[in-house]
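The values are calculated or read from the model by the stated rules, or taken from the named source; none is laboratory data. Note that this is a predicted model, so its numbers are computed, not measured. Because the Cβ atoms are built from the backbone with ideal geometry, glycine has one as well, and the counts that use them run over all protein chains shown. These accessible areas exclude ligands, DNA and RNA; they are computed on the full protein's heavy atoms, side chains included. Shrake-Rupley method; radii C 1.70, N 1.55, O 1.52, S 1.80 Å.
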Amino acid sequence: MDKKPLNIESRLAQIGSVQEPVTGAINFPIYQATAFRHPKLGQSTGFDYIRTKSPTRQVLEDACAELESGDAGFACSSGMAALQTVFALFGQGDHLIVSLDLYGGTYRLLERIMSKFGVTATYVDTNDLDALEQSRQPNTKAVFIETPTNPLMMITDIEAVCTWASRHQLLTIVDNTLLTPYFQRPIELGADIVVHSATKYLGGHNDVLAGLIVTKGKELSEEMAFLHNSIGAVLSPSDSYQLMRGMKTLALRMERHQSNATTVATFLQGHPAVEEVFYPGLPEHPGYDIQSRQSSGNTGIFSFKVKDARYVEPVLRHIRLIAFAESLGGVESLMTYPAVQTHADIPVEIREAVGVDDRLLRFSVGIEFAEDLIADLDQALNAAMAEVEGGELR
Ligand SMILES: *Cc1c(COP(=O)(O)O)cnc(C)c1O
């Protein structure tokens, strides 16, 4: 009898369920053990030592591989740990082509750490196939993309990049943090590796630090398993549990993040203090068509540019419901000032060339009631305008 595959909402809600045969516990337990007894010489239960493989982490890793349509999943102690593990595929003399508007920590890892191991990177608009071709070198090994990018929400056509990359035997690596497998599955579009800061939407509650890697193909999966174990930046059993718990509600949260972000972004477009809103869910966004084709929904974060840089400080001082804080993807709304926070490690020239300037604010829209968020933003923006125009600020 053919079994219809479960929809993603059901698979998410059931992560770890019906896998604990001893007690029948509805959710998978936290196995704190670091060592596992061998039945006899030459035999193993499949678990030997926690760094290599641990039961709670494994349930999470299998779920992630399945959700991203990959072959193997690897849970890491942070998004940066996942990125470092992936970049360890490369070494002396290797070259990478990387999205121009990039998460600041990834840029720092490449420029300050990977550079010491002889890995170089060229930053280009990955949606421009000519730019990709021009930046390709004989030693180029992979293309690394973020789509949407953070904070400018630039969209890359994943399938087009994967087709180009595979023609030149390059790996395609996608940071899928902003959309999660609920809205976008890069491996189905041809990518080889997906990475996540699971600290963001997957965890979803601003309370767990974690990273994930999903690989496609046997050889790559085996190599990643070797790196994951050898580097050792793996996720703990309790954090693995916490992450799975968050992921069970991913579908509900992403739908709400999307609808709230659309409502709030539309409001901001009409506000006199705001010059421009960058959100791929708005039809006027340049990436709207590609985004609609390759993803089934939109993220809950967007950026906006205020008309005067002097508005920034009072806006951040006046927001009350929305917290001025440096993360994204949680149920609580957070506002970030990329130029001084997340993107401070990117040189000013590069940052400003892409548009991350001192008037740009990033808003991670939570799951609160949209009208409450609008009211908070409205009062903060109006107060900022009054202070600046009233001459209270210089
Ligand atoms: C936060 C983030 C990272 C880094 O992840 P951590 O969990 O903070 O280590 C990487 N990529 C993107 C897109 C992020 O937003």
> How many nm is it between the label spots at SER166 and GLN19, if each spot is 7 Å from the Cα in line with the beta carbon?
Replying inline: 2.8 nm
> Amide H neighbours of GLU276 under 5 Å, counting only residues 5+ apart in sequence or on other chains, H built in-plane at 1.01 Å?
Replying inline: LYS305
> Tell me which aspartates and glutamates have Cα within less than 20 Å of LYS40's Cα, excluding those fewer than 8 residues away on the same chain?
Replying inline: ASP48
> For the chain, what is the accessible area per residue in Å² when the probe is 1.4 Å?
Replying inline: 43 Å²
> Measuring from centroid to centroid over Cα atoms, what is the spacing of segment 348-394 and segment 13-80 in Å?
Replying inline: 43 Å
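With +1 assigned to the C-beta of every Lys and Arg and -1 to the C-beta of every Asp and Glu, and no other charges, what is the dipole magnitude of the chain about the Cα centre in debye, to the nearest 20?
On the way: 32 positive and 49 negative charges, 282 e Å.
Dipole about the Cα centre, nearest 20: 1360 debye.
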> Which of these, ALA35, ALA261, ALA65, has the largest mean-square fluctuation under a Gaussian network model of the chain (Cα springs below 10 Å)?
Replying inline: ALA35
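Kindly work out what percent of the DSSP beta bridges joining two residues of the chain are antiparallel, to the nearest 5. Display every interim value, and only then the final one.
Values: 24 of 43 bridges.
Looking only at bridges with both residues in the chain, the antiparallel portion is about 55 percent.
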> If you average the sequence gap of Cα pairs under 8 Å that are 6 or more apart and divide by the length of segment 250-389, what percent do you get for the contact order?
Replying inline: 30 percent
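Need the full-extension length gain, SER238 to GLU371, defined as separation in residues times 0.36 nm minus the C-alpha distance. One decimal, nm. Could you put the intermediate results ahead of the total?
Numbers: separation 133, 0.36 × 133 = 47.88 nm, distance 3.60 nm.
Length gained, SER238 through GLU371: 44.3 nm.
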> Among residues other than GLU276 whose Cβ falls under 12 Å from its Cβ, what is the net charge (Lys/Arg +1, Asp/Glu -1)?
Replying inline: 0
>> Only Cα pairs within less than 10 Å get springs; with that Gaussian network setup on the chain, which residue of SER99, SER115, SER44 has the largest fluctuation?
In response: SER44
> How much of the accessible area of the chain, probe 1.4 Å, is carbon plus sulfur, in whole percent?
Replying inline: 52 percent
> For segment 256-265, in order, what is each residue's ³J(HN,Hα) by Karplus, 6.51 cos²θ - 1.76 cosθ + 1.60 with θ = phi - 60°, in whole Hz (x at glycine and Pro)?
Replying inline: 6, 4, 5, 5, 4, 4, 5, 5, 5, 4
>> Given contacts defined as C-alpha pairs under 8 Å and at least six residues apart, what's the relative contact order of segment 197-278, whole-number percent?
In response: 31 percent
> Under a 5 Å amide H to amide H cut-off, with H placed in plane at 1.01 Å, what residues pair with THR147 once short-range neighbours are removed?
Replying inline: ASP175
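Run the helix sum for the chain: -39,500 (n - 2.57) per DSSP H stretch of 4+ residues, divided by residue count, reported at 222 nm to the nearest 500 deg cm²/dmol. Could you put the intermediate results ahead of the total?
Details: 14 runs with 140 residues, N = 394.
Calculated at 222 nm, the ellipticity per residue is -10500 deg cm²/dmol.
In segment 250-389, what % of DSSP beta bridges are antiparallel (nearest 5)? Walk me through the numbers before you get to the answer.
Numbers: 12 of 14 bridges.
Bridges in segment 250-389 are about 85 percent antiparallel.
From the cross-link list LYS116/LYS248; LYS248/LYS305; LYS216/LYS248; LYS53/LYS141, which pairs have alpha carbons spaced over 32 Å apart? Numbers along the way, then the final one.
Values: LYS116/LYS248 40 Å; LYS248/LYS305 34 Å; LYS216/LYS248 24 Å; LYS53/LYS141 29 Å.
Listed pairs above 32 Å: LYS116/LYS248; LYS248/LYS305.
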> Counting only residues 5 or more places away or on other chains, whose amide H sits under 5 Å from the amide H of SER78 once H atoms are built in the peptide plane?
Replying inline: GLY211
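Using Cα pairs under 8 angstrom and six or more residues apart, how large is the relative contact order of the chain, in percent? It would help to have the intermediate numbers written out before the result.
On the way: 792 pairs, mean separation 67.7, N = 394.
After rounding, I find 17 percent.
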>> I need the phi-derived Karplus couplings for segment 334-345: 6.51 cos²θ - 1.76 cosθ + 1.60, θ = phi - 60°, integer Hz, Gly and Pro marked x.
In response: 10, 10, 10, 10, x, 4, 10, 10, 4, 10, 4, 7
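Quick one: grab the alpha carbon gyration tensor of segment 239-349, order the square roots of its eigenvalues as a ≥ b ≥ c, and give me rounded if a/c is under 1.5, else prolate or oblate depending on whether a/b is larger than b/c. Please list the in-between numbers first.
Details: a/c = 1.66, a/b = 1.24, b/c = 1.34.
Since a/c reaches 1.5 but b/c is at least a/b, the shape of segment 239-349 is classed as oblate.
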> Once both axes come from the Cα atoms, what is the angle between helix 55-67 and the longest principal axis of the chain, in degrees from 0 to 90, rounded to 10?
Replying inline: 60 degrees
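Using 1/(1 + (r/R0)^6) with R0 = 41 angstrom and r between the beta carbons of THR122 and LEU41, what's the FRET efficiency to the nearest 0.05? Could the numbers behind the result be given before it?
Values: r = 52 Å, r/R0 = 1.27.
Here the calculated transfer efficiency is 0.20.
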> How far is the Cα center of segment 187-235 from the Cα center of segment 136-174, in Å?
Replying inline: 17 Å
> Given springs between every Cα pair under 10 Å in a Gaussian network model of the chain, which of ASN298, ASN139, ASN229 has the largest fluctuation?
Replying inline: ASN139
